[in-house]
Amino acid sequence: MGRKRRVKSESSPFDFLPEDCISYIISFTNPRVACVAATVSKTFESAVKSDITWEKFLPAE
């Protein structure tokens with residue numbers, strides 16, 4: 001039988017950052033990478049859904 005991967009319950013340095021900071025960091029990527037980042041954790045998912053992230057991806061008016 002295959003080995004089961006263990007999920008570590010240790011905290012990440014990102015756990016201590018405000019969501020706005022995570023959104024700002026993700027905004028330097030591109031929409032595709034942002035969508036992948038949303039699958040990392042609930043915190044990342046929430047950050048990716050924020051306007052801060054998507055404002056950077058939209059063309060200037």
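Annotations for the structure displayed:
- Subset of region 37-61 [surrounded by 13 or more Cβ atoms within 10 Å (Cβ to Cβ) and among the hydrophobic types (A, V, I, L, M, F, W, C)]: 37, 38, 40, 44, 47, 48, 52, 54
- Of the helices (runs of 4 or more DSSP H) contained entirely in the chain, not one carries at least 1 residues that are under 8 Å from the mean Cα position of the chain (by Cα), at pLDDT below 90 and not β-branched (Val, Ile, Thr).
- For beta carbons closer than 6 Å, sequence separation of 6+ or different chains, a first residue in region 34-57 that is free of Cβ contacts under 8 Å to residues at least 24 places away in the same chain and a second that is loosely packed, with under 15 Cβ neighbours inside 10 Å, the qualifying pairs are 38/45.
The values are calculated or read from the model by the stated rules, or taken from the named source; none is laboratory data. What you see is a predicted model; the values in this text were computed from it and never measured. With ideal geometry, Cβ positions are generated from the backbone for all residues, glycine too; neighbour counts draw on all protein chains shown.
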